[in-house]
Amino acid sequence: YADTLWIPSATDVFGAGNWWNEEPDSFQLEIFKRERDHVKEHVGDGTWSWWLRSPFASDSSRFVRVYFDGTVSSYNASYSYGVAPGFDL
């Protein structure tokens, strides 16, 4: 990435998909190759769902999210979930 801070796309985390909009220069990042690397944990409070920047391909009111267990789904964008920004130092 040219940016030092960004919000990951569904392709960054899960690789090429068939129901989210891929970005032309996006590919699965090495840091997300293992399924357990999809999970975000708040120490002492468990794991949480988090948003990706990718819209659901057939419904503009939905975005791709990562469930608390690391699986992928789409959900209505009006719900509040966290984001896990990527950064490159």
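Under the condition of being hydrophobic (A, V, I, L, M, F, W, C), over 12 Å from the mean Cα position of the chain (by Cα) and loosely packed, with under 15 Cβ neighbours inside 10 Å, which residue from region 67-89 is nearest to Thr4 (Cα to Cα)?
Filtering first and then ranking leaves Phe87.
Does any residue in region 2-21 that is on the phi < 0 side of the Ramachandran plot and in contact (Cβ under 8 Å) with a residue 12 or more places away in the chain come within less than 6 Å, Cβ to Cβ, of a residue that is open to solvent by less than 80 Å² (accessible area, probe 1.4 Å) and acidic (Asp, Glu) six or more places away or on a different chain, and which pairs are these?
Filtered contacts from region 2-21: Ser9/Glu23.
Looking at this structure, is Val64 open to solvent by less than 70 Å² (accessible area, probe 1.4 Å), of a type in the set (A, V, I, L, M, F, W, C) and part of a strand (DSSP E or B)?
For Val64, the condition - open to solvent by less than 70 Å² (accessible area, probe 1.4 Å), of a type in the set (A, V, I, L, M, F, W, C) and part of a strand (DSSP E or B) - is met.
Have a look at Ser61, Ser49, Ser54 and point out the one that is touching a strand residue (DSSP E or B) at 6+ places or on another chain (Cβ under 8 Å), touching a residue at least 40 places away in the same chain (Cβ under 8 Å) and not aliphatic (A, V, I, L, M).
Being touching a strand residue (DSSP E or B) at 6+ places or on another chain (Cβ under 8 Å), touching a residue at least 40 places away in the same chain (Cβ under 8 Å) and not aliphatic (A, V, I, L, M) holds for just one of Ser61, Ser49, Ser54, which is Ser54.
The values are calculated or read from the model by the stated rules, or taken from the named source; none is laboratory data. Nothing here was measured: the structure is a model prediction, and the numbers come from that model. So basically every Cβ, Gly included, is an ideal-geometry build from the backbone, and we count neighbours across all protein chains shown. SASA here: full protein model, heavy atoms, side chains in, ligands and nucleic acids out. Shrake-Rupley method; radii C 1.70, N 1.55, O 1.52, S 1.80 Å.
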